[in-house]
Amino acid sequence: MADGLARLVVGRDPARTLVRATVLVVMAGLVITYGILPVRGQGPSMQPTIGNGQLLIVSRVSYRLRAPRRGEVVAVRLAGEEAVLIKRILAGPGDQIAIDDGLVVVNDVAIDEPYVEHRMPWRMQAVTLATGQYFVVGDNRGMPMALHTMGTVAGERLIGPVVW
Amino acid sequence: MVAVALVAYLAWGWLVPSDEDRVRAAVSALAETLSSDPADPLGQVTSLARLRTQLAADVVVTAAGTQLRGRDAVTGLWQRVRASGDAARVRLFDLTVVVGADGATATVEGVAELTLERGGVPEREVREVHATFVAEDDAWRLAAATMVEAITPP
């Protein structure tokens, strides 16, 4: 019984098991340090997509490989990464974006936003985004526009998309 | 031998803090002062006195396009916020401190988190802050602070 348990824990070859365990721990450490950023959602601005206290995983590597895309939920960096802002990208470099009676219009086309539950009649004059600029908004459009953090953000501040 | 060297190193760092350590301590002390309990009248008075020593006389605070100039203006605003009776907690983190070559100024970049308890419901606000501290009379004092909008409103 004890022999069986020992074999289950350390395997037939303890040295090889130790090497495997070490490699796994190092890989997990590398992924957690450089690959992902765990974030806990707080505040109402991304409701109903993201609830208060919901755990999210942000990819740190995606935007090293490709450009951010319209519609993605992203983490926006402040001075560090202990606190980040979670928003949705609605327009990218060169796009023109406006909000008319709560409807978001990008390049003269009203975009479909199935993730929005309630809409207040937000209004925003058309803005054309410069190179490297993105327009981000939260999904909660049922709150007053003045209380909602939204607007243009530099691409360098985008850490990556929320992948889970 | 290694353990003795380590203990000596740690003791040296504790007994003789670097300028960067002293600036970080000044930032923490400032956050603590700003977080004092509004329900404690004696604490209010001592906090106000402490806050005056933590600010340079010509301190400039810039937020949302508005500028406050001078120690009296900044402490006056802080008193008005406290008078509302809402409990406020200020936390400063993710700090990068760079002390100038002259040893008389330091820049601090970090994140300020303000939590206001309104009717028992916490409202949390985070902003990136860029600040300058100056060394005056053997103490580091806040000379300028600017709230930076990571997302620029339309």
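Please treat every number below as a calculation from the coordinates, not as lab data. Because the structure is a prediction, the values reported are computed rather than measured. For neighbour counting, all protein chains shown are included, and Cβ atoms are generated from backbone atoms with ideal geometry for every residue, glycine included.
Give the calculated FRET efficiency between A:Asp95 and A:Val163 to the nearest 0.05, with a Förster radius of 25 Å applied to their Cβ-Cβ distance. Kindly include the intermediate steps, with their values, before the conclusion.
Details: r = 24 Å, r/R0 = 0.94.
So, using R0 = 25 Å, E works out to roughly 0.60.
Seen from A:Arg77, the other residues with C-beta closer than 10 Å to its C-beta sum to a net charge of -3, counting Lys and Arg as +1 and Asp and Glu as -1.
With both labels modelled 7 Å from their Cα along Cα-to-Cβ, the B:Thr152 to A:Glu81 distance reads 2.6 nm.
Rounded to the nearest 20, the Cβ-based charge dipole of the stretch B:18-148 about its Cα centre (Lys and Arg +1, Asp and Glu -1) stands at 420 debye. Which parts of the stretch A:30-73 would a label at A:Val23 reach, counting a residue when its backbone N lies under 16 Å from a point 7 Å out along Cα-to-Cβ? Counting backbone N atoms under 16 Å from the label point, the list is A:30-31. Among B:Asp86, B:Asp40, A:Asp108, the ranking by other beta carbons within 10 Å of each residue's beta carbon, starting with the fewest, stands as A:Asp108, B:Asp40, B:Asp86. Derived from the Cα gyration tensor, the three semi-axes of the equivalent ellipsoid of the stretch B:18-148 are 24, 16, 14 Å, largest first.
Take each residue in A:141-151, count the other chain C-beta atoms within 10 Å of its C-beta, and the mean is 2. For B:Trp14, A:Trp122, the sequence from fewest to most other C-beta atoms within 10 Å is B:Trp14, A:Trp122. With a Förster radius of 30 Å applied to the beta-carbon distance between B:Arg124 and B:Thr62, the computed FRET efficiency rounds to 0.90. Beta-bridge orientation, the protein assembly as shown: approximately 95 percent antiparallel, per DSSP, counting only bridges with both partners inside.
Cα gyration tensor of the protein assembly as shown, axes a ≥ b ≥ c as square roots of the eigenvalues: rounded (a/c below 1.5), prolate (a/b > b/c) or oblate? Oblate shape, in that a/c is at least 1.5 and b/c is the bigger or equal ratio.
Put in line by how crowded their Cβ is, counting other Cβ atoms within 10 Å and starting with the fewest, B:Ser47, B:Ser18, A:Ser62, B:Ser28 read B:Ser18, B:Ser28, A:Ser62, B:Ser47.
The share of C-alpha pairs in chain A whose separation exceeds 21 Å stands at 55 percent. Note on A:Leu103 and A:Leu147: with the Förster distance fixed at 22 Å, the Cβ-Cβ geometry gives a FRET efficiency of about 0.65.
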